[in-house]
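Student: Let me begin by handing over the structure; questions about it come next.
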Protein chains: 2
Amino acid sequence: MENHVNPDLQKERDTATFNVDDFKMWWAGGRKKLAEKRHLEEVFLNDPELTYETPPSYLSYKALHEENIRLVSKATKKFHSEVMVKEVAKNGDEWEMLRKFRNIHAMFLVMGVGQNGLSDHVHFGLYLPTLLSQGTDEQKQKWLTKALNMEMIATYVQTELGHGTYLKGLETTAEYDPKNEEFILNSPTLSSYKWWPGGLGHTVNYAVVMATLITKGKSYGLQPFIVQLRDEDTHMPLPGIIIGDIGPKMGLNNLNNGFLGFDNVRIPRLQMLMKNSQVQACGKFKSTPMSALSFGASMMFVRLGVVNDAAQTLMVASTIATRYSAVRRQSPIGDDTSIEPQIMDHLTQQAKVLPQIGKTIVFKLISDNTWNLYTEVMKEIKVGDFTHLPELHAITCGLKAIFTTDAVKGVEILRLACGGHGYADYSNMPALYCNNVSMCTYDGENTVLLLQTAKYLYREWSKLLQGKPIASTLQYFRSALDVTTEPLQDWQGCVKALIDALEYTTAHKVRMVYEKIEKEKIKGTSQEKAFNKYGIQLVKIAELHTRVYIARTMVGLLKNQRKATSAVKSVLKDAFDLFVRYEFLNNIGDVLQFIPLTGQDVDAYQGCFERSLLKFRTNAVAVVDGFDAHDRILSSALGSYDGHVYERIFEMVKKNPLNQKPVNESFDLYLKPLMKSSL
Amino acid sequence: MENHVNPDLQKERDTATFNVDDFKMWWAGGRKKLAEKRHLEEVFLNDPELTYETPPSYLSYKALHEENIRLVSKATKKFHSEVMVKEVAKNGDEWEMLRKFRNIHAMFLVMGVGQNGLSDHVHFGLYLPTLLSQGTDEQKQKWLTKALNMEMIATYVQTELGHGTYLKGLETTAEYDPKNEEFILNSPTLSSYKWWPGGLGHTVNYAVVMATLITKGKSYGLQPFIVQLRDEDTHMPLPGIIIGDIGPKMGLNNLNNGFLGFDNVRIPRLQMLMKNSQVQACGKFKSTPMSALSFGASMMFVRLGVVNDAAQTLMVASTIATRYSAVRRQSPIGDDTSIEPQIMDHLTQQAKVLPQIGKTIVFKLISDNTWNLYTEVMKEIKVGDFTHLPELHAITCGLKAIFTTDAVKGVEILRLACGGHGYADYSNMPALYCNNVSMCTYDGENTVLLLQTAKYLYREWSKLLQGKPIASTLQYFRSALDVTTEPLQDWQGCVKALIDALEYTTAHKVRMVYEKIEKEKIKGTSQEKAFNKYGIQLVKIAELHTRVYIARTMVGLLKNQRKATSAVKSVLKDAFDLFVRYEFLNNIGDVLQFIPLTGQDVDAYQGCFERSLLKFRTNAVAVVDGFDAHDRILSSALGSYDGHVYERIFEMVKKNPLNQKPVNESFDLYLKPLMKSSL
């Protein structure tokens, strides 16, 4: 393969209106962070030892696991010395440290080294946060040290074969035995087997297990217990532990998701994490009122991790599809049928690819901003101020649902936009979809999360009616208080007006659902039943609210990008314009119910959107270059920086184990007898 | 596992309003066809030899191929004796015979035996139809015999590494050498390597290859050539044939998709399929004007096959998700928080699952009906009447695009509605998505097909303006001719009115796009450039038109179901109501641009839709039972007839090769050194 770049790609780079290095610097968050990123790339992505010996999709399920463990071991050792030790030494905020662990692990080890999946990720992403939020200082001292030294690798164990979302339905029990000062864990039914935790199958030797505490014959709901699962020396399952891997999935097949049954498993009393609730030696139960809130806070941390991953996923997929759209040529547009244009010149292709680039930028800024909000709210909580907790909870639930849904939908749009090659593993698009679509289900199923956000909106609307103050992000509700108000006087179709229109629409939809539920309640229906009756519409308002929250927040964030050059700012503005027009047209069916636009009006907005595409097209390749994804992160023959698509595909095909012999064994065994059987 | 059925599922069956055996009989198309189906199930699905020895998702890529060839061999032998011999003996219409081959092979062998993929499927689905439509009688005699005896297994070779949709861009050449009366095939570039054909890698020994014919120094466009690829005895690639498997994909990994390069490969002159175009011994080229039409007709056959498969896919997925939604219990709705209801009682779950059942019924009826249309049009063509060909072409392009898009979107909605277990292979939902989403891309990429339908609509609108007759399926265009007409006087929100509204909307959208393109042309823009400029909107009208075609056609078909009992007819009506309301609300953004409904109006339709859900919910399980999918076709722990979900999951997990030893090799090799390294 030659060193030079594909000329079609080079042409795109040459004609960009901004300096891509400026963009990269801004994207990374400044010079220092960019240098740190380069260092991590060098450590994790340029190390030939940290790669699969055979591409993972050729391996059997078992071989993939064994290879995954090899990578876990090698990569985690480096992660320890290059990241953990350094961050611990800083002795800063613990949550800030965990955030760094988690996000670096997700990007460089899970996406990079593991090609979407390493079976110890939950150790960083869920086990450590749980320990931090649920453990007493002594427990943290003991277990954090062990966990940071990797003497133990742990996972977080909650869902069961028959139970997911509804935590009160979980069946696993931990009954306290005051005589021996121990808890006895049991799985009373098949449906109570723990199911799903990453790494549980054969990787971890410890876990935090969520089980219903029973003491003195009384149940005290779910509590977290540290349980040793396997012998530290032999890795053999301990007595009473029934454990294994749950088998192949749509993706993430190197995650070693496992099951776990308990048959009278005993653990010392002090292995219940007791920061918020305690069982005394005598068996007496005590709980602080902050227990549920503290659990909620650590779930928020976890969901923000998912929000971050969703943004990264879309970034990778849009980089691949954009570069491929510049390299691939197909179907003449003009009168000269001998010239096949870059497929990016087809407007239908632009409509698929470019809005996803805009969305990538929006998702990154919103994700970063929400981490910052989280940090602020955690600081408030530390001093006993819980004011912003419900709002943040509603935002993170909504963002987790919308980001993951949109990101994987975006990946699929982009994958399909790559045509046949987007279906081949060598594009990496299948893995991007199949691995990441799980985000819609784990750490809070999206419909369930949207219902939580919706119920918050319902309560806030009620407050508004009562004249009580409502959250700052909900001030737009007021536009729907007076039904007779004329909607939106200044309707010029500018981005500001589109956001106003979406807010106005959302506010009215919230009002309407609220009124229907109240009507039901007056008829004597319980609130829960009324919520179910209007479940579809509740999901809708949560979705709309989250979308207007994103758009409105972005307006503020864009004003505040001091690290961006003016040329970069200008392309960010184009990206945001494109994003808003795309969102507006996608939700036009709701808008038109409240704002009487004609077919002509909508047609004009469609025209604006199409012009936004044409404008953004000029910079599309340069912007994805600015996302600065390392070729190892992209893992794609279609998306690599040099654009040598076909050469790379052919190289990958040569490694195919099926092609090592001209005729495989199955011919003589099976095919020849068929063909020669004179049927 | 006990013999009885899960009680929640039984309860659903007991309360259905119709007799499920009546439904099954109607669904199969009558008593005789049901008996034939049962026989095929016995032959292909109840034969323990026709199953994977290890579930396919545990196998390496190579092992999967070898196992696939074992199944191909065993299953094809039975297919030959049980299907092919019998159908050939009938000596009926050849296309009818091929349709049967293709659809039985797709259902019982590909879906059933192969669990979505057997590497000789293209032999039946594409090679035979090509031979039939492109070969002279002598060629058919020679090659069909060989193909029906399975002496040869062939594939259809068209797309190239660098070229897909735009056939004129294909680079492979077949140059005629009059001296030896041979064609010489060559792949002049890397991008001209043939890419994708199913079975090409290591399964087939012959292929029909589409290559640009060159004779007497002049190029005559694409022609089909029968090329022997491998020795019939040894399976060794013949000289000049560069061949292999293209590697893992998102799904269909037992399809053995291959690549093929030619280095001066010589074939006899008579291996060009010469029904429509001929090269004489001297090298003189002759062509009939019907050549392109004949190619189009065989592509229609192929696309109707895909339409059929899309309908089947949605049927399987909706069966699985519906049964699981009746068995799975979660999250209290009422005041008694100790009772978790069947998840199907959550309205949000109904909104995901039930419309897909309605759509399955619609897709099946439309698919069958379109095959019949096809047969009629083929008969007309035989007597030289081409009147209905363009209309049928536009319909099949649109249906292929909409059926495949909707089917796989539906699968994904249903898969996500199964929560975590829908992500596990044991649900079969991942395979249903990953295998079948390829339908959106192959045999005509969906956007490209929709543009073809759109251009037909454009031309027909133009005819309408000129006062010429237009196709019967486009008569609704007239409602938008006079822009001042009041839309839809009788607006009661009944299903009829909803379809009228969708038609009215579509007609206006067609008009608007037409007017814009004409305006562009007046400005001097070429038609092709104008098409590109309005590509997004053209795709939109094709989509809308296809949707109204489906709905309008269904109205007629439902009136004509004489084999259905009145109780079955009644549930079909419910299903169709649900379908139309779902389609209407999904397209409300377009409708509202032309029909001034208020927020209140739309709210009322939303209410109708939600009531349709509640009504249909009663019969949901019985209807999917009526789809009569064999447990082997479902291949799902979540969807089997008896509803023993958790027991089946646990059984599958026990077979996991990773769980055969309590500790795998990788612990001592990699994990222990990490944990014991005192980091």
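The values are calculated or read from the model by the stated rules, or taken from the named source; none is laboratory data. This is a predicted model, so every value here is computed, not measured. Note: ideal-geometry Cβ built from the backbone for every residue, glycine included; neighbour counts use all protein chains shown.
Student: Select from segment A:147-165 the residues that are free of Cβ contacts under 8 Å to residues at least 40 places away in the same chain and of a type in the set (Val, Ile, Thr) and list them in ascending order.
Tutor: Matches in segment A:147-165: A:Thr159 only.
Student: Something else about it: Looking at segment B:508-539, which of its residues are without any contact (Cβ under 8 Å) to a residue 40 or more places away in the chain, within 12 Å of another protein chain (Cβ to nearest Cβ) and either more than 24 Å from A:Gln349 (Cβ to Cβ) or under 25 Å from the mean Cα position of the chain (by Cα) (or both)?
Tutor: B:Glu515, B:Gly524, B:Ile536, B:Gln537
Student: So, one more: Can you tell which of A:Glu96, A:Glu41 is out of contact with any Leu (no Cβ under 8 Å at 6 or more places or on another chain), under 29 Å from A:Val377 (Cα atoms) and outside any loop (DSSP other than H, G, I, E, B)?
Tutor: Exactly one residue qualifies, and that residue is A:Glu96.
Student: Answer with yes or no whether B:Leu270 is at pLDDT 95 or above, assigned to a helix (DSSP H, G or I) and over 18 Å from the mean Cα position of the chain (by Cα).
Tutor: Here the answer is yes, as B:Leu270 does meet what is asked.
Student: In segment B:159-187, how many residues are farther than 24 Å from B:Gly283 by Cβ and either of a type in the set (Lys, Arg) or surrounded by fewer than 22 Cβ atoms within 10 Å (Cβ to Cβ) (or both)?
Tutor: Qualifying residue count for the region: 4.
Student: Please verify whether segment A:657-678 includes one or more residues that are touching a residue at least 40 places away in the same chain (Cβ under 8 Å) and not in a helix (DSSP H, G or I).
Tutor: no
A quick yes/no check of all residues on (1) under 13 Å from B:Tyr156 (Cβ atoms); (2) within 16 Å of the chain's Cα centre (by Cα):
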| site | (1), (2) |
| --- | --- |
| B:Asp93 | no, no |
| B:Ala106 | no, yes |
| B:His121 | yes, yes |
| B:Leu126 | yes, yes |
| B:Leu131 | yes, no |
| B:Gln134 | yes, no |
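Student: Look through A:Glu151, A:Glu181 and report the one residue that is within 25 Å of B:Lys676 (Cβ to Cβ) and acidic (Asp, Glu).
Tutor: Within the list A:Glu151, A:Glu181, the selection yields A:Glu151.
Student: May I pose another question? Among the candidates A:Leu64, A:Leu71, which residue alone is at pLDDT 95 or above, in a helix (DSSP H, G or I), over 21 Å from A:His630 (Cβ atoms) and touching a helix residue (DSSP H, G or I) at 6+ places or on another chain (Cβ under 6 Å)?
Tutor: Only one candidate passes the filter, namely A:Leu64.
Student: Hey, another quick one. Take A:Cys397 and tell me if it is hydrophobic (A, V, I, L, M, F, W, C) and free of Cβ contacts under 8 Å to residues at least 40 places away in the same chain.
Tutor: Answer is no for this residue.
Student: From B:Ile633, B:Ile595, which residue is crowded, with 16+ Cβ neighbours inside 10 Å, β-branched (Val, Ile, Thr) and more than 14 Å from chain A (Cβ to nearest Cβ)?
Tutor: Going through B:Ile633, B:Ile595 in turn, just one is crowded, with 16+ Cβ neighbours inside 10 Å, β-branched (Val, Ile, Thr) and more than 14 Å from chain A (Cβ to nearest Cβ): B:Ile633.
Student: Applying the selection to segment A:46-66, what residues are surrounded by 19 or more Cβ atoms within 10 Å (Cβ to Cβ) and touching a residue at least 12 places away in the same chain (Cβ under 8 Å)?
Tutor: Of everything in segment A:46-66, those that are surrounded by 19 or more Cβ atoms within 10 Å (Cβ to Cβ) and touching a residue at least 12 places away in the same chain (Cβ under 8 Å) turn out to be A:Leu50, A:Pro55, A:Pro56, A:Ser57, A:Tyr58, A:Tyr61, A:Leu64, A:His65.
Student: Considering only segment B:429-444, I want to know if a residue exists there that is of a type in the set (D, E, K, R) and modelled with pLDDT of 95 or more.
Tutor: No - not one qualifying residue is present in segment B:429-444.
Student: How many residues does segment B:508-542 hold that are crowded, with 22+ Cβ neighbours inside 10 Å and of a type in the set (D, E, K, R)?
Tutor: Result for segment B:508-542: 1.
Student: Right, next: Residues to consider are A:Leu389, A:Leu432; find the one that is surrounded by fewer than 24 Cβ atoms within 10 Å (Cβ to Cβ) and either at the interface with another protein chain (Cβ under 8 Å from one of its Cβ atoms) or aliphatic (A, V, I, L, M) (or both).
Tutor: Testing whether each residue is surrounded by fewer than 24 Cβ atoms within 10 Å (Cβ to Cβ) and either at the interface with another protein chain (Cβ under 8 Å from one of its Cβ atoms) or aliphatic (A, V, I, L, M) (or both) leaves just A:Leu389.
Student: Tell me which residues, restricted to segment A:182-227, are within 14 Å of chain B (Cβ to nearest Cβ), among the polar types (S, T, N, Q) and out of contact with any Phe, Trp or Tyr (no Cβ under 7 Å at 6 or more places or on another chain).
Tutor: Answer for segment A:182-227, where residues must be within 14 Å of chain B (Cβ to nearest Cβ), among the polar types (S, T, N, Q) and out of contact with any Phe, Trp or Tyr (no Cβ under 7 Å at 6 or more places or on another chain): A:Thr189, A:Ser192, A:Thr203, A:Asn205, A:Thr212, A:Ser219.
Student: Before we move on, is A:Ala497 among the aliphatic types (A, V, I, L, M), part of a helix (DSSP H, G or I) and either over 24 Å from A:Arg581 (Cβ atoms) or within 14 Å of chain B (Cβ to nearest Cβ) (or both)?
Tutor: In short, no.
Student: Working carefully through the options A:Glu376, A:Glu340, find the one that is free of Cβ contacts under 8 Å to residues at least 40 places away in the same chain, in contact with a strand residue (DSSP E or B) (Cβ under 6 Å, 6 or more places away or on another chain) and farther than 22 Å from A:Gly117 by Cβ.
Tutor: Result of the check over A:Glu376, A:Glu340: A:Glu340.
Student: Return the total of residues in segment B:94-127 being surrounded by fewer than 24 Cβ atoms within 10 Å (Cβ to Cβ), in contact (Cβ under 8 Å) with a residue 12 or more places away in the chain and farther than 30 Å from B:Tyr58 by Cα.
Tutor: Total meeting the criteria: 7.
Student: I've got another one for you. Within segment B:15-27, does at least one residue satisfy the condition of being without any contact (Cβ under 8 Å) to a residue 24 or more places away in the chain and more than 26 Å from A:Leu658 (Cβ to Cβ)?
Tutor: Yes, segment B:15-27 contains at least one residue that is without any contact (Cβ under 8 Å) to a residue 24 or more places away in the chain and more than 26 Å from A:Leu658 (Cβ to Cβ).
Student: Please count how many residues of segment A:232-254 are away from chain B (no Cβ under 11 Å) and either within 29 Å of B:Asn436 (Cβ to Cβ) or touching a Leu at 6+ places or on another chain (Cβ under 6 Å) (or both).
Tutor: The number of residues fulfilling the criteria is 1.
Student: Here are some conditions: (1) in a helix (DSSP H, G or I); (2) not assigned by TED's automatic domain parsing to the domain that holds A:Gln350. A:Asp482 meets all but one. Which one does it not meet?
Tutor: (1)
Student: Let me ask something else about it. Considering only residues that are crowded, with 17+ Cβ neighbours inside 10 Å and acidic (Asp, Glu), look in segment B:286-343 and name the one that is modelled with the highest pLDDT.
Tutor: By that ranking, first place goes to B:Asp309.
Student: Which of the strands (runs of 3 or more DSSP E) found entirely inside segment B:106-217 contain at least 3 residues meeting this: touching a strand residue (DSSP E or B) at 6+ places or on another chain (Cβ under 8 Å) and closer than 27 Å to B:Glu66 by Cβ?
Tutor: B:154-157, B:206-215
Student: Being aliphatic (A, V, I, L, M) and within 10 Å of chain B (Cβ to nearest Cβ) is true for just one of A:Val555, A:Val602. Which residue is that?
Tutor: After ruling out the rest, the residue left standing is A:Val602.
Student: I'm trying to understand the selection: among the residues of segment B:334-351, which are in contact with a Leu (Cβ under 9 Å, 6 or more places away or on another chain) and within 8 Å of another protein chain (Cβ to nearest Cβ)?
Tutor: B:Leu347, B:Thr348, B:Ala351
So that you can scan it fast, the table gives a plain yes or no per residue for (1) at positive phi; (2) touching a Ser or Thr at 6+ places or on another chain (Cβ under 9 Å); (3) not in a loop (DSSP other than H, G, I, E, B):
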{"residue": "A:Pro224", "(1), (2), (3)": "no, yes, yes"}
{"residue": "A:Pro239", "(1), (2), (3)": "no, no, no"}
{"residue": "A:Gly247", "(1), (2), (3)": "yes, yes, no"}
{"residue": "A:Asn253", "(1), (2), (3)": "no, yes, no"}
{"residue": "A:Leu260", "(1), (2), (3)": "no, yes, yes"}
{"residue": "A:Arg266", "(1), (2), (3)": "no, no, yes"}
{"residue": "A:Lys275", "(1), (2), (3)": "no, yes, no"}
{"residue": "A:Phe295", "(1), (2), (3)": "no, yes, yes"}
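Student: Select, from B:Glu138, B:Glu182, the only residue that is at pLDDT 95 or above and in the same structural domain as B:Asn257 (by TED's automatic domain parsing).
Tutor: After applying the criteria, what remains is B:Glu182.
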